[in-house]
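Please read the structure below before turning to the comments.
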Amino acid sequence: MKVLILGGNGMLGPWAVTAMKDRHDILLTDINDPYPEYQGEFLKLSVDDIDGVVDAAQGMDVIVNLSVLRPDRRLAFDVNTMGNYAMMVAAREHRIKRVINTGPHFQLVGQQYEDWDFDLNPDMPPAPGTRLYAHTKALGSEICRVFSERHGIQVLTLMYYNMKHTWNLGGPEASPTYHEDMVPFSTAWPDCGTAVRAAVEVPDERLSSNFEAFFVFPDLPHRKFNNEKTRRVLGWVPRYHVEALWNKQFRLPPSGLHEAF
Amino acid sequence: MNLLLTSAASSVAQLLASALGDTHKLRLTDLRAKATGEIIANDLDHGGDIDDLLEGIDAIINIGYQGQVGSEKALIDYHTRAMYNLLWSASESGVKRVINVSTLRLFENYEENLAVTEKWRSTPSSQDIELLAAHLTECVCKEFARDRMIQAVNLRFGWPFDSSDKADTARISTDLAVGAVNAALESQELIHWQDIHVQSKVENQRYLTNTAARLLPTLAEKL
């Protein structure tokens, strides 16, 4: 398939590209230059440039939106809200059947859910609250929903929370801490990328509606969030389970048995 | 009551301003490109002078539908980012209530025979950018109410204003709209997020207004 990636030079982009580059034709776009290692097609493009996104989407089968901007209020709205509008206009204009949108879990699970409840799942009504990142992404998602409903465009929204390096389970902003309280929605970077691939490739008949959301994280024992739908519908199988973060015996088994007989 | 009226250069705001001015102290504002005369120019940018605009204000009347004109990008930006900035500052300034003036056109895709109330989900258009923008402003207001940062009354008015055409089964009179805003300002019966549908009592009335009659009893005779 021909896949247009918006905002592909952020943190998730390289992992999504790695997961898809041997299976699909990718046009990577971003307002910033690509990583030096990237070898494919690239177009410099701001996601809030409606005409530019429409032009870039010509001839594409799928649009993947990985763009995100958090701290600045104007840019957050431009990227997280207006960017989704541009993407959906492009999908409508070119009759693109499927869009993969991404965002943080709290564009749906605001504090009123997270501080209170368990078994939180991606089919709950969104309650993002007013936190800038969550709020702007939720508005973008609502734009996607309206377009999806009106034009029959499939929108698959992948939600993430806490991403971890595989080699030490540290995150982008913090060093790893083992055997302490963790974010019970943590995902290894490579698995974040394969989830994008799974969403691009999932057969139509597996989707129960044109607007579906998924929580992307491996099996964790907390039961705070629920990833069942992601496994069942997308067929996504995470390779990493970040077990050192939640199993105190993971590194030093009390039996002393370190090797198989 | 000290009221801030947004999009004050728009026709809807002018209708409201001329009627509310007798009973309330109004502060009018609009974008710099439109503000003239007594209308205070403010683009509702983050870091701008929104706080000055809100000083001493008890409640905001926000024109959430057809208050602005412009490109699709300009309208979405105003109805999302500018609303966020306004409500954030309002919350910090201690403003207690916002009346968002929205539209029942968000339900126009439901057939006329259906008994549509506030419990029905709106069906905003993706191609009528004014309707999409109105819907997005409702979303912004709702999240501020959800976080208990401000009380939001979402008045969805019928359309058009002051029509005498019997085919306009969702029409509304200016008197009723003004009465609804006044009653919504005064009511103590409202929860933090409150949708209220308001249209005139006409033959083949399209939308039910029982919620307005219950929560805004001064209007009951007109509904």
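Determine if the stretch A:116-130 includes at least one residue that is within 12 Å of chain B (Cβ to nearest Cβ), under 21 Å from residue A:213 (Cα atoms), touching a residue at least 12 places away in the same chain (Cβ under 8 Å) and of a type in the set (A, V, I, L, M). The answer is yes, given that some residue of the stretch A:116-130 is within 12 Å of chain B (Cβ to nearest Cβ), under 21 Å from residue A:213 (Cα atoms), touching a residue at least 12 places away in the same chain (Cβ under 8 Å) and of a type in the set (A, V, I, L, M). Kindly evaluate residue B:126 against the criterion of being open to solvent by less than 10 Å² (accessible area, probe 1.4 Å), within 14 Å of another protein chain (Cβ to nearest Cβ) and of a type in the set (Gly, Ala, Ser). So residue B:126 fits the description; yes. Taken over the stretch B:167-178, residues that are open to solvent by less than 20 Å² (accessible area, probe 1.4 Å) and touching a helix residue (DSSP H, G or I) at 6+ places or on another chain (Cβ under 9 Å) amount to 5.
Would a scan of the stretch A:117-137 turn up a residue that is in contact with a Ser or Thr (Cβ under 9 Å, 6 or more places away or on another chain) and among the hydroxyl-bearing types (Ser, Thr, Tyr)? So far as the stretch A:117-137 goes, yes, one or more of its residues are in contact with a Ser or Thr (Cβ under 9 Å, 6 or more places away or on another chain) and among the hydroxyl-bearing types (Ser, Thr, Tyr).
Which one is nearest to residue A:51 (Cα to Cα) among residues in the stretch B:82-95 that are within 14 Å of chain A (Cβ to nearest Cβ) and open to solvent by 10 Å² or more (accessible area, probe 1.4 Å)? The selected residue is B:88.
Suppose the filter is surrounded by fewer than 23 Cβ atoms within 10 Å (Cβ to Cβ) and in contact with a helix residue (DSSP H, G or I) (Cβ under 7 Å, 6 or more places away or on another chain); does residue B:100 pass it? Judged against the criteria, residue B:100 is not a match. Listed by first and then second residue, the pairs linking a residue in the stretch B:36-53 that is closer than 14 Å to residue B:93 by Cα to a residue that is of a type in the set (S, T, N, Q) and part of a helix (DSSP H, G or I), with Cβ atoms under 7 Å apart and 6 or more places separating them unless they lie on different chains, are B:50/B:85; B:50/B:89; B:51/B:89. In the stretch B:53-76, of all residues being surrounded by fewer than 22 Cβ atoms within 10 Å (Cβ to Cβ) and within 13 Å of another protein chain (Cβ to nearest Cβ), the one that is farthest from residue B:148 (Cα to Cα) corresponds to B:71.
Residue-level check: of (1) surrounded by 22 or more Cβ atoms within 10 Å (Cβ to Cβ); (2) within 14 Å of chain A (Cβ to nearest Cβ), residue B:16 misses just (2). When the stretch A:11-31 is filtered for residues that are assigned to a loop (DSSP other than H, G, I, E, B) and either of a type in the set (D, E, K, R) or at pLDDT below 95 (or both), the ones remaining, listed by number, are A:11, A:21, A:22, A:23. Taken together, the criteria exclude residue A:76 from residues that are within 11 Å of chain B (Cβ to nearest Cβ) and more than 15 Å from residue A:137 (Cβ to Cβ).
In the stretch A:145-181, the residue that is nearest to residue A:86 (Cα to Cα) out of those that are under 22 Å from the mean Cα position of the chain (by Cα) and within 14 Å of chain B (Cβ to nearest Cβ) is A:147.
The values are calculated or read from the model by the stated rules, or taken from the named source; none is laboratory data. Worth saying up front: this structure is predicted, and the values here are computed from it rather than measured. Using ideal geometry, Cβ is built from the backbone for each residue, glycine included, and neighbour counts are taken over all protein chains shown. Just so you know, the surface numbers come from the protein's heavy atoms only, side chains and all, with ligands and any DNA or RNA stripped out. Shrake-Rupley method; radii C 1.70, N 1.55, O 1.52, S 1.80 Å.
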